[in-house]
Amino acid sequence: MANNQGESGLTSKDYYFDSYAHFGIHEEMLKDEVRTLSYRASIYNNKHLFQDKIVLDVGCGTGILSMFAAKSGAKHVYGIDMSNIIIQARKIVDDNGLTDKITLIQGKMEDVKLPVDKVDIIISEWMGYFLLYESMLDTVLVARDKYLAPGGMIFPDKATMYIAAIEDGDYKEEKIDYWDNVYGFDYSSIKSLAIKEPLVDTVDARAVVTTPCAFREIDILTVQKSDLTFTVPFKITAARDDYVHAFISWFDIGFTHCHKPVHFSTGPHAKYTHWKQTVFYTPEAITVKNGETIEGVLSCSPNGINPRDLDIVIDYSFNGNHGSIKEHCEFKMS
């Protein structure tokens, strides 16, 4: 996403919020049944939690979560969104006869003044690629600290990030090694840039060659903004003899307040979601044998210039039957 102001005077943040006014993005999210049905199940199956409660929907989009909450007996739902999609959301709410139950407010969560002092429940679909890229978690934390009543609930309230390694030789050749020879010309200067850019794509579960490692667990009720900059160790074990061309990351989400907790995963083993998985290519292939381990440290922090971008560093080492490797890999999600 461009960080410069163009002739229109719009900044990258304006483009970000304006992009959410386009229906295609909302269509993709609504048609993501794993996402939408998980939210619906967590709300509809727990009407006793929503009955007569004041609910805040952070980043309400087309208003689907607000309407789930209203249909589950909420006393009133307040939906907040920066984007112009809220104009359409008001029409949708009205078309569904819920205007008396749902109030939609356009604005920035940090600036909005709700007509109530506290809310009982916050609902939000805040997750981004790699969980934290262009996520709205910071905004959810602002809403939590400002409005959530003591003992209040957040849906969802848990997130866990995972890392594993994959065999991906053909695709790496297509995406990275392509730049070695472009119609007879040396474009390898781009190769060093391309390898720093994580790839968001669907990975076949059969490509995963190691055990997964949960490297970060986030409790939305207690996490602080400073916790979203972190450096954590990981250790993964080869499940077969193969090559490793990249690391892969995904996240799981939990609604644990429920009578029957609801969970969903964005991993390669699970049903497709629009978050897919995030692939980090390594400079060299690693030849692993079953039972050998790759150990490393992953660092994640918002980019200093554009905090919506993420700087991710993966340092790893491997001592195996086919030699030793130690690498420092810097990536930028932008």
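The values are calculated or read from the model by the stated rules, or taken from the named source; none is laboratory data. Computed from a prediction, not measured in an experiment: that's the story for all the values here. Glycine gets a Cβ as well: all are built from the backbone with ideal geometry, and neighbour counts include every protein chain shown. Each accessible area value is taken on the protein alone, full model and side chains, heavy atoms only, with ligands, DNA and RNA left out. Shrake-Rupley method; radii C 1.70, N 1.55, O 1.52, S 1.80 Å.
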Task: Residue among I123, Y147, G184 farthest towards the positive dipole end of segment 110-185, charges placed on Cβ - done: Y147
TODO: Take peptides 122-130, 213-221 and line them up by average Cβ neighbours within 10 Å, highest first, as a rough protection proxy.
DONE: 122-130, 213-221
TODO: Kindly list the residues of segment 51-66 that lie in the label zone of E27, defined by a backbone N under 20 Å from the point 7 Å along the Cα-to-C-beta vector.
DONE: 61-65
TODO: Grab the DSSP H runs of the chain that are 4 residues or longer, score each as -39,500 (n - 2.57), total them, divide by all residues and round the 222 nm result to the nearest 500 deg cm²/dmol.
DONE: -6500 deg cm²/dmol
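Would you please classify the overall shape of segment 172-228 from the alpha carbon gyration tensor, given that a ≥ b ≥ c denote the square roots of the eigenvalues, rounded means a/c under 1.5, and beyond that prolate means a/b larger than b/c while oblate covers the rest? If you can, show how the numbers build up before the last one.
On the way: a/c = 4.32, a/b = 2.00, b/c = 2.16.
It is oblate, given that a/c is not under 1.5 and a/b is not larger than b/c.
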Open item on the list: At 7 Å along Cα-to-Cβ for each site, give me the label-to-label distance between D311 and Y44 in nm.
Closed with: 4.5
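In whole percent, and with a 1.4 Å probe on the protein chains, what portion of the accessible area of segment 107-210 is carbon and sulfur? Can you show the working numbers first?
Numbers: 2480 of 4900 Å².
Ligands and nucleic acids excluded, carbon and sulfur give 51 percent.
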Task: segment 220-291 - percent of accessible surface contributed by carbon and sulfur, probe 1.4 Å - done: 51
TODO: Could you run the Debye sum over the Cα atoms of segment 71-172, one equal point scatterer each and no solvent, and tell me log10 of I(q)/I(0) at q = 0.22, 0.23 Å⁻¹, two decimals?
DONE: -1.36, -1.44
Open item on the list: Under a Cβ-only charge scheme (Lys and Arg +1, Asp and Glu -1), can you give me the dipole magnitude of the chain about the Cα centre, in debye to the nearest 20?
Closed with: 1300
TODO: Once you've got the GNM for the chain with C-alpha springs shorter than 10 Å, pick whichever of S265, S192, S249 has the biggest mean-square fluctuation.
DONE: S192
Open item on the list: In 10 Å bins starting at zero, report the fraction of Cα pairs in segment 193-268 per bin as a rounded %.
Closed with: 13, 36, 36, 13, 1
Task: By average C-beta atoms within 10 angstrom, highest first, the peptides 139-146, 255-262 - done: 139-146, 255-262
TODO: Return one whole number: the accessible area per residue of segment 51-162 in Å², for a 1.4 Å probe.
DONE: 37
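For segment 247-334, what ratio Rg/Rh do Cα atoms give with a Kirkwood hydrodynamic radius? Mind showing how you got there, number by number?
On the way: Rg = 16.7 Å, Rh = 15.7 Å.
Dividing the radius of gyration by the Kirkwood radius yields 1.06.
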- [ ] Find the relative contact order for segment 140-237 and round it to a whole percent, using C-alpha pairs within less than 8 Å whose residues are 6+ positions apart.
- [x] 43
TODO: Obtain the nm distance between the two label points defined at K196 and Y178 by a simple spin-label model: each point lies 7 Å from its Cα along the Cα-to-C-beta direction.
DONE: 2.0
Task: Residue among P302, V313, F264 farthest towards the positive dipole end of segment 206-330, charges placed on Cβ - done: F264
TODO: Name the residues whose placed amide hydrogens come within less than 5 Å of the amide hydrogen of G79, ignoring near sequence neighbours (fewer than 5 apart) on the same chain.
DONE: D57, T103, L104, I105
Task: Mean shadow area of the chain, taken as a quarter of the surface of its Cα convex hull (nm²) - done: 19.0
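Restricting to Cα pairs below 8 Å that are 6+ residues apart, what does the relative contact order work out to for the chain? Please round to a whole percent. Each step should come with its number before you reach the end.
Numbers: 709 pairs, mean separation 51.9, N = 334.
Once normalised by length, the contact order is 16 percent.
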